[in-house]
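Peer 1: Below is the structure I would like to discuss, written out as structure tokens.
Taken together, the values in this text are just the output of simple stated rules run on the coordinates, not laboratory data. Being a predicted model, the structure only gives us computed values, none of them experimental. Here the Cβ positions follow ideal geometry from the backbone for every residue, glycine too, while neighbour counts run over all protein chains shown.
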Amino acid sequence: MDRELVRKELDANSHDGSRLYQILRQLPLDLVGDLLLNLGPDYEGPLRRHLPRMASDEIQRNWTGTSGYHLLQQSCAFVRSIENNYRNFSGRSLQDATILDYGCGWGRLMRLMYKYTDPSNLYGCDPWDRSIEICRESGVAGHLAVSDYLPSTLPFGDLKFDLIYAFSVFTHLSERAAATAMSACRKAISSDGIMALTIRPPAYWHAHQDSQNVVDRHQMLRDHDTRGFAFTPHPRPAVDGDVTYGDTSMSLDYIERNWLGWSVLGVDWQLHDPYQTVVFLRPD
Ligand SMILES: C[S@@+](CC[C@H](N)C(=O)[O-])C[C@H]1O[C@@H](n2cnc3c(N)ncnc32)[C@H](O)[C@@H]1O
């Protein structure tokens, strides 16, 4: 692939938003990411009208711990896993699917989903209003909404999704927030839809950085071992009496026993990101 030629083709079509998104869908996934990464935070060129600007390195690091090409490579690997497993488990392709990014942050993964579906089929929600503000400021195309920390429903009416994914969200949620989120997502998944989310294994507690927040490793390992779920809250205000966000590990057995209305289909795991196990679920 010649990035310069592709960029010229995009520039030549910069007046036509729907054509730009059609071109993105014909490109390899990593090239879509590369093109969008290079529309940096200060980019004001012709593509600005229709394609999102990249978030600053600082925003990328604050939400995701890393930035730039390093983060993009991880993001593309996750999206490839989602695409492969969606096909394996549903027998369908992601082309034109209705997709929700649950806990979308600054819209990192939504940008890559332009490879598979039109922005009119793409949704993102996050309970932190700053996340949604940043998505809007950088021009992320798709439907965006602030959700609740403890949602009884999702903020998109009666819409049903073919795919809901949540990267590095359930790795942080309290037991109550995770259960509430899964029951809200259950109402919003289509009967043949797939949900993909990441969880942390118990080994995470050995790698946890106490500089971020101090955890009682032994207690967390004991909780994981006995209950399948371990959580230490971050120093944050409570929501309805509970701190809903912190650091979490959970087991597949815990998911199968506690998240009613869902069945585990399988998992994926990648050496480059060993503390994010991707779990694929379908509604019962
Ligand atoms: C580590 S960031 C990951 C962001 C994004 N998924 C990504 O991978 O780039 C965690 C995100 O979860 C969001 N979040 C916090 N509490 C949540 C909840 N109860 N339900 C859904 N998302 C939540 C945060 O606001 C934040 O954007």
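Peer 1: Given the criteria surrounded by fewer than 18 Cβ atoms within 10 Å (Cβ to Cβ) and in contact with a helix residue (DSSP H, G or I) (Cβ under 9 Å, 6 or more places away or on another chain), does Thr171 qualify?
Peer 2: No; evaluated as a whole, the condition is false for this residue.
Peer 1: In addition: Conditions first: (1) within 15 Å of the ligand (Cβ to nearest atom); (2) surrounded by fewer than 16 Cβ atoms within 10 Å (Cβ to Cβ); (3) over 24 Å from Leu35 (Cβ atoms). Gly91 passes all but one, so which condition is the exception?
Peer 2: (1)
Peer 1: At least 1 residues that are in contact with a Leu (Cβ under 7 Å, 6 or more places away or on another chain) and among the aromatic types (Phe, Trp, Tyr) in each: list the helices (runs of 4 or more DSSP H) lying fully within the range 54-126 that qualify.
Peer 2: Counting at least 1 such residues, we get 68-90.
Peer 1: For the list (1) within 8 Å of the ligand (Cβ to nearest atom); (2) more than 14 Å from Ala55 (Cα to Cα), I need the number of the one condition that Ser131 fails.
Peer 2: With (1) within 8 Å of the ligand (Cβ to nearest atom); (2) more than 14 Å from Ala55 (Cα to Cα) applied to Ser131, the lone miss is (2).
Peer 1: Residues being over 21 Å from Pro274 (Cα atoms), within 13 Å of the ligand (Cβ to nearest atom), not small (Gly, Ala, Ser) and not in a strand (DSSP E or B): count how many of those fall in the range 164-210.
Peer 2: Looking only at that region, the number is 5.
Peer 1: Leu150 versus (1) within 16 Å of the ligand (Cβ to nearest atom); (2) under 17 Å from the mean Cα position of the chain (by Cα); (3) among the hydrophobic types (A, V, I, L, M, F, W, C): which is the lone unmet condition?
Peer 2: Going through (1) within 16 Å of the ligand (Cβ to nearest atom); (2) under 17 Å from the mean Cα position of the chain (by Cα); (3) among the hydrophobic types (A, V, I, L, M, F, W, C) one by one, Leu150 breaks only (2).
Peer 1: Out of all the residues in the range 28-40, is one or more within 16 Å of the ligand (Cβ to nearest atom), within 21 Å of Val6 (Cα to Cα) and free of Cβ contacts under 8 Å to residues at least 40 places away in the same chain?
Peer 2: yes
Peer 1: Pairs needed: first member in the range 63-80, within 13 Å of Thr198 (Cβ to Cβ); second member anywhere, more than 14 Å from the ligand (Cβ to nearest atom) and not in a helix (DSSP H, G or I); C-beta distance under 7 Å; at least 6 residues apart or different chains.
Peer 2: If the second residue must be more than 14 Å from the ligand (Cβ to nearest atom) and not in a helix (DSSP H, G or I), the pairs left are Gln74/His272; Ala77/Gln270; Ala77/His272.
Peer 1: Sticking with this structure for a sec: Being crowded, with 22+ Cβ neighbours inside 10 Å and closer than 25 Å to Met220 by Cβ is the requirement here; does Leu150 meet it?
Peer 2: no
Okay, residues lined up against (1) closer than 19 Å to Thr171 by Cβ; (2) touching a helix residue (DSSP H, G or I) at 6+ places or on another chain (Cβ under 7 Å); (3) surrounded by 15 or more Cβ atoms within 10 Å (Cβ to Cβ):
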{"site": "Leu71", "(1), (2), (3)": "yes, yes, yes"}
{"site": "Val79", "(1), (2), (3)": "yes, yes, yes"}
{"site": "Tyr86", "(1), (2), (3)": "no, no, yes"}
{"site": "Gly103", "(1), (2), (3)": "yes, no, yes"}
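Peer 1: Any residue in the range 172-193 that's under 16 Å from Asn258 (Cα atoms): show its pairings with residues that are acidic (Asp, Glu) and within 9 Å of the ligand (Cβ to nearest atom) at Cβ separation under 9 Å, as long as the two are six or more apart or on different chains.
Peer 2: Between residues of the range 172-193 that are under 16 Å from Asn258 (Cα atoms) and residues that are acidic (Asp, Glu) and within 9 Å of the ligand (Cβ to nearest atom), the close pairs are Thr180/Asp148; Ala184/Asp148.
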